[in-house]
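Have a look at the structure below, then the notes.
The values are calculated or read from the model by the stated rules, or taken from the named source; none is laboratory data. Treat the numbers as computed from the prediction; the structure is a model and nothing was measured. Methodologically, a virtual Cβ is constructed for each residue, glycine included, from the backbone with ideal geometry; neighbour enumeration extends over all protein chains shown. The accessibility values were calculated without ligands, DNA or RNA, using every heavy atom of the protein model including side chains. Shrake-Rupley method; radii C 1.70, N 1.55, O 1.52, S 1.80 Å.
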Amino acid sequence: MKYSELKKSLKNHKLRITDCRMDVLEYFQEHTKAVSIKDLEDKFQEYDRVTLYRTLHSFEENGLLHKIPGDSGSAVYGLCKDCDVAAHHHNHMHFRCTSCGSTECIDTPVEIKAATLPDNYEMASIDVIVNGICNQCSSN
Ligand SMILES: [Zn+2]
Ligand SMILES: [Zn+2]
Ligand SMILES: [Zn+2]
């Protein structure tokens, strides 16, 4: 992705432009699979852990990334498509590969039926995680 587009994307999400933000955003754009803080730490040794955490946090707050619920351990993040500063709005599935352990956002339309909740419960979002074998693993 071009430098100017990364800048624009940060601006659209009301984020100040820093080297770290540019690098992290670019990394997310280049990866289809979800990214963990550990991946970022391995990749960007020039930034300390706190800076990377803050970057992820500000991206999540401002609608660039969303946290993907995992079973335990470290959280992974996926790139948002059209969320804005005000709110996240997506109902897509996440796919977790039981072979390589990667997680990714699945953007093909899925119909997620609204859950029937007891009275006085209000739904905000539904997280759907599908477990299976990803395309990379199944072609090996
Ligand atoms: Zn989002
Ligand atoms: Zn896999
Ligand atoms: Zn996602």
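What do you reckon, is residue 128 open to solvent by less than 80 Å² (accessible area, probe 1.4 Å), within 18 Å of the chain's Cα centre (by Cα), among the β-branched types (Val, Ile, Thr) and closer than 21 Å to residue 22 by Cβ?
On the way: open to solvent by less than 80 Å² (accessible area, probe 1.4 Å): yes; within 18 Å of the chain's Cα centre (by Cα): yes; among the β-branched types (Val, Ile, Thr): yes; closer than 21 Å to residue 22 by Cβ: no.
Judged against the criteria, residue 128 is not a match.
Annotation: of all residues in segment 73-104 being part of a loop (DSSP other than H, G, I, E, B), more than 16 Å from ligand 1 (Cβ to nearest atom) and under 14 Å from the mean Cα position of the chain (by Cα), the one that is surrounded by the most Cβ atoms within 10 Å (Cβ to Cβ) is 102.
Filtered by the rule that a residue be over 23 Å from residue 3 (Cβ atoms) and either within 12 Å of the chain's Cα centre (by Cα) or not acidic (Asp, Glu) (or both), segment 21-59 gives 33, 34, 36, 37, 38, 49, 50, 53, 57. Inspect all residues belonging to segment 19-42 and state whether any of them is open to solvent by less than 40 Å² (accessible area, probe 1.4 Å), modelled with pLDDT under 95 and in a helix (DSSP H, G or I). Yes, that holds for at least one residue. Looking at 46, 60, just one residue is closer than 19 Å to residue 105 by Cβ and at pLDDT 95 or above, and that residue is 60. Applying a threshold of 9 Å to beta carbon distances and a minimum spacing of six or more residues, or different chains, the list of pairs starting in segment 84-98 at a residue that is free of Cβ contacts under 8 Å to residues at least 40 places away in the same chain and more than 12 Å from residue 124 (Cβ to Cβ) and ending at one that is open to solvent by 70 Å² or more (accessible area, probe 1.4 Å) and among the aliphatic types (A, V, I, L, M) reads 98/133.
Going by what's in this entry, would residue 58 be described as small (Gly, Ala, Ser), away from ligand 2 (no atom under 16 Å from the Cβ), part of a helix (DSSP H, G or I) and touching a residue at least 24 places away in the same chain (Cβ under 8 Å)?
Yes; evaluated as a whole, the condition is true for this residue.
When you scan segment 105-124, do you find a residue that is more than 15 Å from ligand 1 (Cβ to nearest atom), assigned to a helix (DSSP H, G or I) and either surrounded by 11 or more Cβ atoms within 10 Å (Cβ to Cβ) or modelled with pLDDT of 85 or more (or both), even just one?
So in segment 105-124, the residues more than 15 Å from ligand 1 (Cβ to nearest atom) come out as 108-123.
When the remaining residues are screened for being assigned to a helix (DSSP H, G or I), the result is none.
For segment 105-124, residues more than 15 Å from ligand 1 (Cβ to nearest atom), assigned to a helix (DSSP H, G or I) and either surrounded by 11 or more Cβ atoms within 10 Å (Cβ to Cβ) or modelled with pLDDT of 85 or more (or both): absent.
Scanning segment 24-40 turns up one or more residues that are more than 16 Å from ligand 2 (Cβ to nearest atom), hydroxyl-bearing (Ser, Thr, Tyr) and under 19 Å from residue 9 (Cα atoms).
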